[in-house]
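Each remark here refers to the structure printed beneath this line.
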Amino acid sequence: MSSNIKVAIVTGAGTGIGKAVALALLKEGYSVAFAGRRIELLEKAIAQSGAGAAHTLAVATDVGDPASVSALFAKTKEKFGRLDLLFNNAGMGAPGIPMEDLSYGQWKAVVDANLTGAFLCTQEAIRIMKDQTPRGGRIINNGSISAHAPRP
């Protein structure tokens, strides 16, 4: 791809804020890798965008899994050649149950999606951004309102 095309990865791009951001970036002329757990939602979002396949990529990704994250960034670099923007958006909440009833598996799923995922994606983004010409890029970490106003 031409070096004047900006490239973005958006996690959690199948629904909600992630989908809205990915679609907005496409409208601004970015090529966008849509990442999320459910490929069918990613493909539906891309279809709704009207953007050509040359400017989009759907990658089923579990942001809590290092191999899955590595594959996302490798596929993005292979298709677009660079990375200018990472929008860390994937996340989830715990079920609305008392803390003492929350299982370790439920806890780990939330931590992996909300914390480990942003860490792994940021590491991969930095590796690409340091090794490209021109160097650099932007990383945006989106958070829930629950970070400021916890819900019961």
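Checking each residue in the stretch 85-143 for being part of a loop (DSSP other than H, G, I, E, B), under 13 Å from the mean Cα position of the chain (by Cα) and within 22 Å of Ala74 (Cα to Cα) picks out Asn89, Ala90, Gly91. In the stretch 41-53, the qualifying residues are those that are assigned to a helix (DSSP H, G or I) and in contact (Cβ under 8 Å) with a residue 24 or more places away in the chain, and the one that is surrounded by the most Cβ atoms within 10 Å (Cβ to Cβ) is Leu42.
In the set Thr61, Thr76, only one residue is under 21 Å from Gly136 (Cα atoms), touching a strand residue (DSSP E or B) at 6+ places or on another chain (Cβ under 6 Å) and not aromatic (Phe, Trp, Tyr); that residue is Thr76. Checked against the criterion of being open to solvent by less than 70 Å² (accessible area, probe 1.4 Å) and free of Cβ contacts under 8 Å to residues at least 12 places away in the same chain, the stretch 75-94 contains not a single residue that satisfies it. Against the test of being surrounded by 14 or more Cβ atoms within 10 Å (Cβ to Cβ) and either β-branched (Val, Ile, Thr) or under 13 Å from Thr11 (Cα atoms) (or both), the options Ile128, Ile97 yield a single qualifying residue, Ile128. For the stretch 54-70, the count of residues that are outside any helix (DSSP H, G or I), open to solvent by 20 Å² or more (accessible area, probe 1.4 Å) and among the acidic types (Asp, Glu) is at least one. The residue that is modelled with the highest pLDDT, among those in the stretch 103-121 that are surrounded by 20 or more Cβ atoms within 10 Å (Cβ to Cβ) and of a type outside the set (A, V, I, L, M, F, W, C), is Gly117. When Leu83, Leu120, Leu57 are screened for being over 19 Å from Ile17 (Cβ atoms) and touching a Pro at 6+ places or on another chain (Cβ under 8 Å), only Leu120 passes. Restricting to the stretch 1-40, name every residue that is under 21 Å from Ala118 (Cβ atoms) and without any contact (Cβ under 8 Å) to a residue 12 or more places away in the chain. Within the stretch 1-40, Gly16, Ala20, Ala24 qualify.
Every listed requirement among (1) in contact with an Asp or Glu (Cβ under 9 Å, 6 or more places away or on another chain); (2) in a strand (DSSP E or B); (3) open to solvent by less than 20 Å² (accessible area, probe 1.4 Å); (4) among the small types (Gly, Ala, Ser) is met by Ala33 save one, (1).
Somewhere in the stretch 20-29, is a residue in a strand (DSSP E or B), more than 16 Å from Thr122 (Cβ to Cβ), of a type in the set (Gly, Ala, Ser) and over 11 Å from the mean Cα position of the chain (by Cα)? No - not one qualifying residue is present in the stretch 20-29.
The values are calculated or read from the model by the stated rules, or taken from the named source; none is laboratory data. In this text, all values refer to a predicted model and were calculated from it rather than measured experimentally. All Cβ positions, glycine included, derive from the backbone under ideal geometry; neighbour counts span all protein chains shown. Surface areas here come from the heavy atoms of the whole protein model, side chains and all, with no ligands, DNA or RNA. Shrake-Rupley method; radii C 1.70, N 1.55, O 1.52, S 1.80 Å.
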